[in-house]
Amino acid sequence: MTQVGDLIVGGILIEDTAIQRRVEELAAEIDAAYPVLEQPLVLICVLKGSILFTADLARALTIPVELEFVACRSYGDATTSSGTVELVKDVSMTLRDRDVLMVEDIIDTGLTTSFLRKHLATHHPRSLRLVSLLDKRSHRMREVQIDFRGFDIPDHFVVGYGLDVAQRLRNLRDIHVVEVPLSAG
Ligand code: 5GP
């Protein structure tokens, strides 16, 4: 068991093998959803949490893809949303008339994704869709259309497979639940 500050990394919620299987299935769904592409699909990796998911998804897709990166800030080192979202890194190319797929690790309140969707729409892409590995619906504050969904998860703070706690443990292969001991409030 690993401890980061007051937080204890608990049991496995989703095993590595289940993640890999689901990534393959999502890739097949996405391949099928873009039968005719004029130009490669632009995968927009939302840093940092989506990095491992994007890397695996990109390799599982058979359609041509390009990779772009954006970064938003909505969480500090705490386990709850700050409620505001800002863009800290934008895409480095024009997305006009391109097919664009936002790649998210997890949708929680929906604030980050709805902010990003509005921002990316200002580039006038040909299409703009969303794949999210995890969907945590219990705290949703903004309605979000998830076009491709990996797993529904209950109201837990999770780490691993790209997801961090205080920037750590992104490299765990499985997705784990984080527990806050009662003594830590
Ligand atoms: P939202 O704006 O939907 O509330 O949150 C989106 C971002 O919050 C995610 O991209 C992720 O960085 C962070 N987040 C939300 N829930 C969790 C969680 O359970 N674990 C971790 N590590 N990050 C989370």
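The values are calculated or read from the model by the stated rules, or taken from the named source; none is laboratory data. The shown structure was predicted, so the numbers you read here are calculated from the model rather than taken from an experiment. Counting neighbours? That spans all protein chains shown, and the Cβs are built from the backbone with ideal geometry, glycine included. Protein only, heavy atoms only, side chains kept; ligands, DNA and RNA dropped before computing areas. Shrake-Rupley method; radii C 1.70, N 1.55, O 1.52, S 1.80 Å.
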#### Entry: Cα shape, region 3-109, gyration tensor, a/c 1.5 rule
oblate
### Query
Going by accessible area, probe 1.4 Å, with all protein chains left in place, what is the ranking of LYS89, LYS118, largest first?
LYS118, LYS89
### Task
Normalise the Cα radius of gyration of the chain by 2.2 N^0.38 Å (N = residues in it) and let me know the number.
1.02
## Note on the structure
With the 8 Å Cα cutoff and a minimum separation of six or more residues, the chain has a relative contact order in percent of 26
### Query
What size of dipole, in debye to the nearest 20, comes out for the chain about its Cα centre when the only charges are +1 on Lys and Arg C-beta atoms and -1 on Asp and Glu C-beta atoms?
380
### Message
For the chain, give me the percentage of DSSP beta bridges that are antiparallel, rounded to the nearest 5 percent.
### Response
40
### Message
With unit charges on the beta carbons (Lys and Arg positive, Asp and Glu negative) and the dipole taken about the Cα centre of the chain, which residue among VAL46, LEU13, TYR34 sits farthest to the positive side?
### Response
VAL46
### Task
Give me the net charge of GLN20's neighbourhood, meaning all other residues with Cβ under 12 Å from the Cβ of GLN20; Lys, Arg count +1, Asp, Glu -1.
-2
### Task
Let me know the charge dipole size of region 29-132 about its Cα centre in debye, to the nearest 20, where only the beta-carbon of Lys, Arg (+1) and Asp, Glu (-1) is charged.
240
